[in-house]
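Visitor: The structure that follows is given in the form of structure tokens.
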Ligand code: NDP
């Protein structure tokens with residue numbers, strides 16, 4: 001079978017571990033050269049070493065998505081080395097949960113600054129080279145929480161609704177240049193982020209998941225693969241929920 005991303009250059013933010021790492025490995029398996037980007041360069045390099053050991057093409061470029069100068073510099077270095085970025089996955093994300101009455105301004109700012117501003121910064125940095133190339137696929141990792149809201153996650157829900165709306169707006173602005181922009185909204189996926197939840201909370205969540213199980217990082221990565229591939233050339237401004245059926249609309 002031919003590979004679906006042969007010779008594509010894909011930048012995935014927050015990809016040293018978790019869902020981002022899985023997306024990177026899935027893209028690499030399909031022939032892409034994947035740029036592993038995360039805050040700490042050692043973490044990026046460790047993931048790159050694992051991927052290269054499997055025979056994949058990967059390179060490490062650290063950046064903190066909250067810092068626009070850092071993101072610009074990172075993208076400039078990638079373009080200098082590889083000439084272009086074909087695919088951007090905005091995956092870096094954090095949670096700082098708490099009921100609204102007790103939510104501190106710092107908790108609000110931290111989540112908005114990584115999840116929403118970070119996505120803005122990376123979109124901004126790749127947009128000029130992508131627009132010039134008349135080619136690009138941007139995928140924002142949202143969350144089912146950004147669609148349905150959640151008690152205790154006002155900051156996170158707002159940030160994820162934001163990246164979904166950002167995808168729709170950029171989809172409209174960039175469509176004439178052959179750039180698609182979509183969002184993927186995972187439900188409850190088994191990663192370090194959700195390992196923190198108690199069994200009681202997990203069981204409560206599963207009561208609302210028709211497919212009756214938590215998702216796997218590969219469930220999310222496979223949809224991100226579709227959206228990055230030629231098969232999705234006519235799909236833009238969409239949000240695909242990968243949530244076992246939690247939200248149906
Ligand atoms: P993880 O915490 O496992 O991974 C997130 C990665 O992002 C980490 O490597 C982290 O680095 C990195 N990161 C955090 N802040 C920054 C920053 N400022 N700049 C660059 N990188 C940063 O999370 P998941 O893999 O679970 O989540 C990935 C995405 O999927 C997130 O956007 C999340 O909101 C979303 N999502 C996850 C769900 C789930 O159930 N797990 C459900 C719905 C959405 P470090 O380790 O150094 O902090």
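Visitor: Against the 2.2 N^0.38 Å scaling, with N counting residues, where does segment 179-249 land? I'd like the Cα-based Rg ratio to two decimal places.
Guide: Numbers: Rg = 13.8 Å, N = 71, 2.2 N^0.38 = 11.1 Å.
Cα Rg divided by the expected 2.2 N^0.38 Å: 1.24.
Visitor: Rounded to the nearest Å, what's the spacing between the alpha carbon centres of segment 41-100 and segment 180-213? Just the number, please.
Guide: With segment 41-100 and segment 180-213 each reduced to a Cα centre, they are spaced 24 Å.
Visitor: Please list, by residue number, everything in segment 206-240 whose backbone N is under 16 Å from a paramagnetic label point 7 Å out along Cα→Cβ of residue 17.
Guide: 217
Visitor: As an exercise, find the ratio Rg/Rh for segment 1-70 from alpha-carbon atoms, using the Kirkwood inverse-distance average for Rh. Let's see the in-between values first.
Guide: Numbers: Rg = 11.6 Å, Rh = 11.8 Å.
With Rh from the inverse mean 1/r over Cα pairs, Rg/Rh is 0.99.
Visitor: Let me ask something else about it. Quick one: which of 219-225, 204-210, 93-99 comes out on top by average Cβ neighbours within 10 Å, and what's the full order, highest first?
Guide: Details: 219-225: 22.3, 204-210: 12.7, 93-99: 16.7.
Put in order of decreasing packing, that is 219-225, 93-99, 204-210.
Visitor: Is it possible to state the helix-based mean residue ellipticity at 222 nm for the chain, with each DSSP H run of 4+ residues giving -39500 (n - 2.57), the sum divided by total residues, to the nearest 500 deg cm²/dmol? What is it?
Guide: Values: 10 runs with 113 residues, N = 249.
So the helix-based figure for the chain works out to -14000 deg cm²/dmol.
Visitor: Quick one: which of 41-48, 180-187 comes out on top by average Cβ neighbours within 10 Å, and what's the full order, highest first? Numbers along the way, then the final one.
Guide: Details: 41-48: 17.8, 180-187: 25.9.
Highest to lowest by the protection proxy: 180-187, 41-48.
Visitor: May I ask you to give the average projected area over all directions of the convex hull of the Cα atoms of the chain, in nm² rounded to one decimal? Don't skip to the end; give the middle numbers.
Guide: Details: hull surface 53.7 nm².
Result: 13.4 nm².
Visitor: Relative to the first principal axis of the alpha-carbon coordinates of the chain, what is the inclination of helix 118-133, with its axis defined by its Cα atoms, in degrees from 0 to 90 and to the nearest 10?
Guide: Roughly 30 degrees between the two axes.
Visitor: Any idea what the alpha-carbon Rg over 2.2 N^0.38 Å comes to for segment 39-98? Mind showing how you got there, number by number?
Guide: Details: Rg = 13.3 Å, N = 60, 2.2 N^0.38 = 10.4 Å.
In units of the globular-protein estimate, segment 39-98 measures up at 1.27.
Visitor: On to the next question. Order these peptides, 121-134, 151-164, by their mean beta-carbon neighbour count within 10 angstrom, highest first. Display every interim value, and only then the final one.
Guide: Details: 121-134: 18.6, 151-164: 20.8.
The most tightly packed comes first, giving 151-164, 121-134.
Visitor: In degrees, nearest 10, range 0 to 90: what is the angle between the Cα axis of helix 217-228 and the longest Cα principal axis of the chain?
Guide: Approximately 50 degrees, to the nearest 10.
Visitor: For the chain, calculate the relative contact order in percent as a whole number, restricting contacts to Cα pairs under 8 Å that are 6 or more residues apart.
Guide: On the way: 516 pairs, mean separation 45.9, N = 249.
Relative contact order comes out at 18 percent.
Laboratory data are not the source of any read-out in this text; all were calculated from the coordinates shown. Given the structure is predicted, the values throughout are model-derived calculations rather than measurements. Methodologically, a virtual Cβ is constructed for each residue, glycine included, from the backbone with ideal geometry; neighbour enumeration extends over all protein chains shown.
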